[in-house]
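Here's the structure, in structure tokens; my notes come after.
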Amino acid sequence: MKDNKKEILKESLRDLRSSSVLPALFCLIYGIVLIIWPDISSNFICYAIGAAIMLVGVIFVIRYLRKDLVRDFYRKDLVIGLIAISLGLVALLRVEMIKGLIPTILGIAVLFSGIVKLQNAIDMLRMKYAYWYIILILSVLNMGFGILLIVEPLWIVDVVFVLIGCGLVYSGISDLVTLFFITKTIKNMVMESDIID
């Protein structure tokens, strides 16, 4: 039974590392890019979003052209595809409009990251880990950055993107710090399990 618990802890640790490290590194690296090259980065995001939406639309249109009309009569692949292609074109042609939406979207992502860290802090408190409050502080700051990006004061767009970069860098670093503390907690639990055995 104890071996089973130990394996569950080790599996949880592997899952945590595989699901947390890459997103944290992405936030960190992309945040640095936004801080150094805010204008180029913001334009690239807008064009990438437009191209991605158009690609999805093309895929839906191709699915419509290849589908069995009898079996899939009620599916609206063509309609969805044409709408997606149209939205993608709008995104490519109206870059400034998309720029106005990106801070809100990224703000929601940073806010979500803070909420996840809040749960991590509560979990660590329930496990009686001594330094749970560090993660709590990180989560509150994380959520603050997210809310600030969502509210988006009327600043110059490039300044907003530098702020987004700062938020992403902070989110990436705090994710890695949180991962370090949680990993340490799980390792301690595994060691305690070995000692008890």
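The values are calculated or read from the model by the stated rules, or taken from the named source; none is laboratory data. Since the model is a prediction, treat every value here as computed from it, not as a measurement. Because the Cβ atoms are built from the backbone with ideal geometry, glycine has one as well, and the counts that use them run over all protein chains shown.
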| said: Checking Met97 against (1) modelled with pLDDT under 80; (2) surrounded by 12 or more Cβ atoms within 10 Å (Cβ to Cβ); (3) in a helix (DSSP H, G or I): exactly one of these is not met. Which one? | reply: (2)
| query | Can you find a residue in the stretch 128-139 that is touching a Leu at 6+ places or on another chain (Cβ under 8 Å) and free of Cβ contacts under 8 Å to residues at least 12 places away in the same chain? | reply | yes
| query | In this structure, does Ile49 turn out to be surrounded by 18 or more Cβ atoms within 10 Å (Cβ to Cβ), within 21 Å of the chain's Cα centre (by Cα) and either of a type in the set (A, V, I, L, M) or at pLDDT below 75 (or both)? | reply | yes
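Residue by residue through the stretch 121-146, note down the ones that are surrounded by fewer than 18 Cβ atoms within 10 Å (Cβ to Cβ) and not in a helix (DSSP H, G or I).
Within the stretch 121-146, Met127, Lys128, Ala130, Tyr131 meet the criteria.
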| message | Here is a check on your reading of the model: is Gly167 modelled with pLDDT of 80 or more and in contact with a Phe, Trp or Tyr (Cβ under 6 Å, 6 or more places away or on another chain)? | response | yes
| request: Inspect the stretch 147-159 for any residue being farther than 30 Å from Leu65 by Cα, in a helix (DSSP H, G or I), modelled with pLDDT of 85 or more and in contact with a Leu (Cβ under 9 Å, 6 or more places away or on another chain) and give the result as yes or no. | output: yes
| remark: With the first residue restricted to the stretch 144-160 and required to be within 19 Å of Ile40 (Cα to Cα), and the second required to be surrounded by 15 or more Cβ atoms within 10 Å (Cβ to Cβ) and modelled with pLDDT under 65, Cβ contacts under 7 Å at 6 or more apart or on different chains are Val160/Glu152
